[in-house]
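Accompanying notes for the structure given below.
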Amino acid sequence: MAYSEKVVDHYENPRNVGSFEKGDETVGTGMVGAPACGDVMKLQIKVNPITGVIEDARFKTYGCGSAIASSSLVTEWVKGKTLDEAASIKNSAIAEELALPPVKIHCSILAEDAIKAAVNDYKQKHAH
Amino acid sequence: MDTPHFPIYMDYSATNPCDPRVVDAMIPWLREHFGNPASRSHAWGWEAEAAVEKAREQVADLIGADPREIVWTSGATESNNLALKGAAHFYKTKGKHIITVKTEHKAVLDTCRELERQGFEVTYLDVQSDGLLNLDVLKAAIRPDTILVSVMFVNNEIGVIQDIAAIGALCREKGIIFHSDAAQATGRVDIDLASLPVDLMSLTSHKTYGPKGIGALYVRRKPRVRLEAQMHGGGHERGMRSGTLPTHQCVGMGEAYRIAKAEMHEENKRIRALHERMLAGLKDVEEVFLNGHAEQRVPHNLNMSFNYVEGESLIMGIKGLAVSSGSACTSASLEPSYVLRALGRSDELAHSSLRMTIGRWTTEEEIDYAVATIKENVAKLRELSPLWEMFKDGVDLSTIQWAAH
């Protein structure tokens, strides 16, 4: 199977790899997928509590090249977005940007789920 | 000899490069000597027939068989189909029960599924965690109406060698036909059917440095084993498999088997040394697991799981190597390797596996390159892996509620 140039680029040079402190009040963490299915994504967002804008993001992914590329891409996309803007990112946009073949669409779905999970985690931390 | 191509070929269990000596032997039978070996009325046919019969002797010679016990086929898949369907159909009045093993090649498993649709009953035996079949498990599965047992000689994914002599002896004692798929065994392990109690044996050419598209089925004469033909036509191959023989292909397989017989002992010593070099280079990587029995295996195969690293992403990283993975993502299905699952490996370890298979043209330099690039990429991907991070933090991954998708 040949990978698109963009998938290869993200795989070779993954953006924003790493972890934030989970307990940090300004951090939202989303972990989706399962090892048994062959992919697990952890996406973290760092939010400005005043503006509600995502200022930074980190990821770690266990999965195929397309899963790594999908999560690397969304760490770039969510930066500068509000929580609601980030949560409205659609998997189809990720799949289109990376030119994912049909068999890899689930990787983009997982990335969308990861953003939603991170946003929800942040919102739950701040639900008073 | 130089490596034929880059990336470095470490997928010898998928297929072998054709030995140049084999190619040279084949060419004349594609050019000037074009006759049909079944043409009895002129010299074009006679010379082709002589070439096919010489090749048949060379094939028989490698496995200690009589040439009259060799039936040409298109490869191991056809041989497995002919053996299983042919024997089941012929002996169906004796019983309808067949036994095989969960780690068999799909050509056996899928043929068994078809026989189930035709009304036969098939038992699929579990293997031990080392990939070997426990003889007591086989004994317990045998019924009065068992007519056929099929157990592969060398496993294509994990390289383990089953105890064919013991399984065959048990079948012989019970009067059950015993078939073994030896596609991965020829030239790698000694086979002497004069003493080995196997009734039907599937052979292929392209895993022993011959051309693709040709194989054979060994059909024992003493005691005689009968088959019902699956391919009907001109009555070639004593009625067991009709179809014009491809002279050049037969000659190629014969030459490949001749070379195997002459060189396999020296060659396997060299490959064992390469195997040990590779294993020594990789075994100390943290959280690495060897799949399949450590000694009861062919040295050509090294199948390892690198925990917390997904197989396809690893293959993408080690792009200088042509290897394969038991990971689901490299195949059309989304299920990880059924062979590794049958060993009781967790899905994670099945997803994290790499099958490296070496052979005639593998060099020490290639092994060293492979070890270095695998280590480098495993380390890189673990830095990316949330599972590795959790493992390092002491989190027991089995206690986590994963959102399966």
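The values are calculated or read from the model by the stated rules, or taken from the named source; none is laboratory data. Small disclaimer: the values here were computed from a predicted structure and weren't measured. For neighbour counting, all protein chains shown are included, and Cβ atoms are generated from backbone atoms with ideal geometry for every residue, glycine included.
From the residues in segment A:49-96 that are within 26 Å of residue B:353 (Cα to Cα), within 9 Å of the chain's Cα centre (by Cα) and outside any strand (DSSP E or B), which one is farthest from the other protein chains (Cβ to nearest Cβ)?
Of everything passing the filter in segment A:49-96, A:70 is farthest from the other protein chains (Cβ to nearest Cβ).
Applying the selection to segment B:1-57, what residues are under 30 Å from residue B:271 (Cα atoms), in a loop (DSSP other than H, G, I, E, B) and charged (D, E, K, R)? Break it down stepwise before answering.
The first filter runs over segment B:1-57 and keeps only residues under 30 Å from residue B:271 (Cα atoms), leaving B:1-27, B:54-57.
Retained after the next criterion (residues that are in a loop (DSSP other than H, G, I, E, B)): B:1-7, B:10, B:12-19.
Those that are under 30 Å from residue B:271 (Cα atoms), in a loop (DSSP other than H, G, I, E, B) and charged (D, E, K, R): B:2, B:19.
Could you look through segment B:1-51, keep only residues that are loosely packed, with under 15 Cβ neighbours inside 10 Å and of a type in the set (Phe, Trp, Tyr), and pick out the one that is farthest from residue B:207 (Cα to Cα)?
Of everything passing the filter in segment B:1-51, B:46 is farthest from residue B:207 (Cα to Cα).
Identify, by number, the condition in (1) surrounded by fewer than 19 Cβ atoms within 10 Å (Cβ to Cβ); (2) more than 13 Å from residue B:72 (Cβ to Cβ); (3) among the small types (Gly, Ala, Ser) that residue B:243 doesn't meet.
Just one mismatch for residue B:243, condition (2).
So, residue A:45, is that one outside any strand (DSSP E or B) and aliphatic (A, V, I, L, M) or not?
Numbers: outside any strand (DSSP E or B): no; aliphatic (A, V, I, L, M): yes.
So residue A:45 does not fit the description; no.
Going through segment B:193-210 one residue at a time, which ones are in a loop (DSSP other than H, G, I, E, B), more than 27 Å from residue B:360 (Cα to Cα) and not polar (S, T, N, Q)?
Residues of segment B:193-210 that are in a loop (DSSP other than H, G, I, E, B), as a first pass: B:193-199, B:205-210.
Now restrict to residues that are more than 27 Å from residue B:360 (Cα to Cα): B:194-195, B:197-199.
Scanning segment B:193-210 gives B:194, B:197, B:198, B:199.
Restricting to segment B:338-385, and then to whatever is out of contact with any Gly (no Cβ under 6 Å at 6 or more places or on another chain), assigned to a loop (DSSP other than H, G, I, E, B) and among the hydroxyl-bearing types (Ser, Thr, Tyr), can you tell me which residue is surrounded by the most Cβ atoms within 10 Å (Cβ to Cβ)?
It comes out as B:385.
Using the structure shown, decide if residue B:127 is crowded, with 21+ Cβ neighbours inside 10 Å, in contact (Cβ under 8 Å) with a residue 40 or more places away in the chain and closer than 22 Å to residue B:85 by Cβ.
no
State which residue is nearest to the other protein chains (Cβ to nearest Cβ) when the search covers only segment A:5-48 and only residues that are of a type in the set (Asp, Glu) and surrounded by fewer than 21 Cβ atoms within 10 Å (Cβ to Cβ).
The first filter runs over segment A:5-48 and keeps only residues of a type in the set (Asp, Glu), leaving A:5, A:9, A:12, A:21, A:24-25, A:39.
Add one more test, that the residue is surrounded by fewer than 21 Cβ atoms within 10 Å (Cβ to Cβ), and what stays is A:5, A:9, A:12, A:21, A:24-25.
On the way: A:5: 13, A:9: 12, A:12: 9, A:21: 13, A:24: 16, A:25: 21 Å.
So, considering only residues that are of a type in the set (Asp, Glu) and surrounded by fewer than 21 Cβ atoms within 10 Å (Cβ to Cβ), the one nearest to the other protein chains (Cβ to nearest Cβ) is A:12.
Restricting to segment B:147-163, and then to whatever is over 14 Å from the mean Cα position of the chain (by Cα) and buried (at least 22 other Cβ atoms within 10 Å of the Cβ), can you tell me which residue is farthest from residue B:88 (Cα to Cα)?
Of all residues in segment B:147-163, those over 14 Å from the mean Cα position of the chain (by Cα) come to B:147-149, B:163.
Going one step further and asking which of them are buried (at least 22 other Cβ atoms within 10 Å of the Cβ), we end up with B:148-149.
Numbers: B:148: 7, B:149: 10 Å.
Only one residue tops the list, namely B:149.
Among the numbered conditions (1) closer than 21 Å to residue B:284 by Cβ; (2) within 11 Å of another protein chain (Cβ to nearest Cβ); (3) at pLDDT below 95, tell me where residue B:351 comes up short.
Going through the list (1) closer than 21 Å to residue B:284 by Cβ; (2) within 11 Å of another protein chain (Cβ to nearest Cβ); (3) at pLDDT below 95, residue B:351 breaks only (1).
So in segment A:19-42, with the set limited to residues that are acidic (Asp, Glu) and in a loop (DSSP other than H, G, I, E, B), which one is nearest to residue B:381 (Cα to Cα)?
If we filter segment A:19-42 for residues that are acidic (Asp, Glu), which is where we start, we get A:21, A:24-25, A:39.
Still in the list and also in a loop (DSSP other than H, G, I, E, B): A:21, A:24-25.
On the way: A:21: 21, A:24: 26, A:25: 29 Å.
Filtering segment A:19-42 for residues that are acidic (Asp, Glu) and in a loop (DSSP other than H, G, I, E, B), the one nearest to residue B:381 (Cα to Cα) comes out as A:21.
Being crowded, with 21+ Cβ neighbours inside 10 Å and in contact with a strand residue (DSSP E or B) (Cβ under 8 Å, 6 or more places away or on another chain), is that true of even one residue in segment A:88-96? Reasoning before the result, please.
Initial filter on segment A:88-96 (crowded, with 21+ Cβ neighbours inside 10 Å): A:94-95.
With the extra rule that they be in contact with a strand residue (DSSP E or B) (Cβ under 8 Å, 6 or more places away or on another chain), the set shrinks to none.
Scanning segment A:88-96, I find no residue that is crowded, with 21+ Cβ neighbours inside 10 Å and in contact with a strand residue (DSSP E or B) (Cβ under 8 Å, 6 or more places away or on another chain), so the answer is no.
Can you pull out every residue in segment B:386-405 that is within 11 Å of chain A (Cβ to nearest Cβ) and exposed (fewer than 12 other Cβ atoms within 10 Å of the Cβ)?
Answer for segment B:386-405, where residues must be within 11 Å of chain A (Cβ to nearest Cβ) and exposed (fewer than 12 other Cβ atoms within 10 Å of the Cβ): B:393, B:398, B:401, B:404.
Would you mind finding the one in B:57, B:104, B:116, B:49 that is among the acidic types (Asp, Glu), under 30 Å from residue B:145 (Cα atoms) and in contact with a helix residue (DSSP H, G or I) (Cβ under 9 Å, 6 or more places away or on another chain)?
The unique qualifying residue is B:104.
Only one of A:2, A:67, A:99 is of a type in the set (Gly, Ala, Ser) and buried (at least 16 other Cβ atoms within 10 Å of the Cβ). Can you tell me which? Spell out the reasoning first.
Working: A:2 fails: buried (at least 16 other Cβ atoms within 10 Å of the Cβ); A:99 fails: buried (at least 16 other Cβ atoms within 10 Å of the Cβ).
When all the criteria are applied, what remains is A:67.
Could you please give the count of residues in segment A:49-58 that are buried (at least 21 other Cβ atoms within 10 Å of the Cβ) and among the acidic types (Asp, Glu)?
Quick first cut of segment A:49-58, residues buried (at least 21 other Cβ atoms within 10 Å of the Cβ) only: A:54, A:57.
Next, from what is left, pick out any that are among the acidic types (Asp, Glu): none.
Adding up the residues that qualify gives 0.
Give me the pairs: first residue in segment B:74-103 and hydrophobic (A, V, I, L, M, F, W, C), second residue assigned to a helix (DSSP H, G or I), beta-carbon distance under 6 Å, and six or more apart or on different chains, which are they?
Partner pairs satisfying both residue conditions: B:84/B:111; B:88/B:115; B:99/B:141.
Could you list, in sequence order, the residues of segment B:293-322 that are within 14 Å of chain A (Cβ to nearest Cβ), in a loop (DSSP other than H, G, I, E, B) and among the charged types (D, E, K, R)?
Within segment B:293-322, B:310, B:319 meet the criteria.
Any residue at all in segment B:193-204 that's surrounded by fewer than 17 Cβ atoms within 10 Å (Cβ to Cβ), in contact (Cβ under 8 Å) with a residue 12 or more places away in the chain and more than 12 Å from residue B:70 (Cβ to Cβ)?
Step one: list which residues in segment B:193-204 are surrounded by fewer than 17 Cβ atoms within 10 Å (Cβ to Cβ), which gives B:194-195.
Add one more test, that the residue is in contact (Cβ under 8 Å) with a residue 12 or more places away in the chain, and what stays is B:194-195.
Now drop any that are not more than 12 Å from residue B:70 (Cβ to Cβ), which leaves B:194-195.
Yes.
Of the numbered conditions (1) away from chain A (no Cβ under 14 Å); (2) crowded, with 16+ Cβ neighbours inside 10 Å; (3) touching an Asp or Glu at 6+ places or on another chain (Cβ under 8 Å), residue B:290 fails exactly one; give the number of that condition.
(3)
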